[in-house]
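**Student:** I have a structure here, written as structure tokens, and I will follow up with some questions on it.
The values are calculated or read from the model by the stated rules, or taken from the named source; none is laboratory data. Given the structure is predicted, the values throughout are model-derived calculations rather than measurements. All Cβ positions, glycine included, derive from the backbone under ideal geometry; neighbour counts span all protein chains shown. Please note that ligands, DNA and RNA were not included when accessible areas were found on the heavy atoms of the full protein model with its side chains. Shrake-Rupley method; radii C 1.70, N 1.55, O 1.52, S 1.80 Å.
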Amino acid sequence: QVQLVESGGGLVQAGGSLRLSCAASRNIFSMGWYRQAPGKQRELVAAINSITGSTNYADSVKGRFSISRDNAKNTVYLQMNSLKLEDTAVYYCRAGIPPSIYWGQGTQVTVSS
């Protein structure tokens, strides 16, 4: 059983920054962030391998978002810079321990003009 606790969402003006955090109850091999906006499918934003540090990003956020982790704290972060209106969504932390998938509760990110 894995529990994920998310924080850091909020309201920010376009061009601003936010940092999301996801703390897990144990070490997890693979963690990432997904988001879902109204009328859209849930999509991958970024993922990281906790052992190798390798990362993967959606094309829409490359160069603006950065995923990182602190293995000692079982925590993954998503630094979001140069935020755009299209980034508005509920962001979900995801942890994978094959074959199981665990999801956080979700945190709202709203970008305003």
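**Student:** How many residues are in contact with a strand residue (DSSP E or B) (Cβ under 8 Å, 6 or more places away or on another chain) and closer than 17 Å to residue 19 by Cβ when one looks only at the stretch 48-68?
**Tutor:** Qualifying residue count for the region: 9.
**Student:** Taking the residues in the stretch 12-29 that are part of a loop (DSSP other than H, G, I, E, B) and either of a type in the set (Ser, Thr, Tyr) or open to solvent by 70 Å² or more (accessible area, probe 1.4 Å) (or both) as candidates, determine which candidate is modelled with the highest pLDDT.
**Tutor:** Checked the stretch 12-29; the qualifying residue modelled with the highest pLDDT is 17.
**Student:** Out of the residues in the stretch 77-113 meeting the condition of being aliphatic (A, V, I, L, M) and modelled with pLDDT under 95, tell me which one is most open to solvent (accessible area, probe 1.4 Å).
**Tutor:** Top of the filtered list is 101.
**Student:** Within the stretch 70-98, which residues are touching a strand residue (DSSP E or B) at 6+ places or on another chain (Cβ under 8 Å), within 15 Å of residue 111 (Cα to Cα) and in a loop (DSSP other than H, G, I, E, B)?
**Tutor:** Selection gives 81, 83, 84, 88.
**Student:** Let me ask something else about it. Going by what's in this entry, would residue 67 be described as outside any loop (DSSP other than H, G, I, E, B) and at pLDDT 95 or above?
**Tutor:** Yes; evaluated as a whole, the condition is true for this residue.
**Student:** Can you tell me how many residues within the stretch 30-54 are part of a strand (DSSP E or B) and either among the acidic types (Asp, Glu) or more than 21 Å from residue 2 (Cβ to Cβ) (or both)?
**Tutor:** Number satisfying all stated conditions: 1.
**Student:** Pairs under 8 Å by beta carbon, first residue under 23 Å from residue 30 (Cα atoms) in the stretch 76-90, partner of a type in the set (Gly, Ala, Ser) and open to solvent by less than 10 Å² (accessible area, probe 1.4 Å), six or more apart or different chains?
**Tutor:** Filtered contacts from the stretch 76-90: 76/32; 78/46.
**Student:** Quick one: count up the residues across the stretch 30-65 that are open to solvent by 60 Å² or more (accessible area, probe 1.4 Å) and either on the phi > 0 side of the Ramachandran plot or of a type in the set (Gly, Ala, Ser) (or both).
**Tutor:** 3
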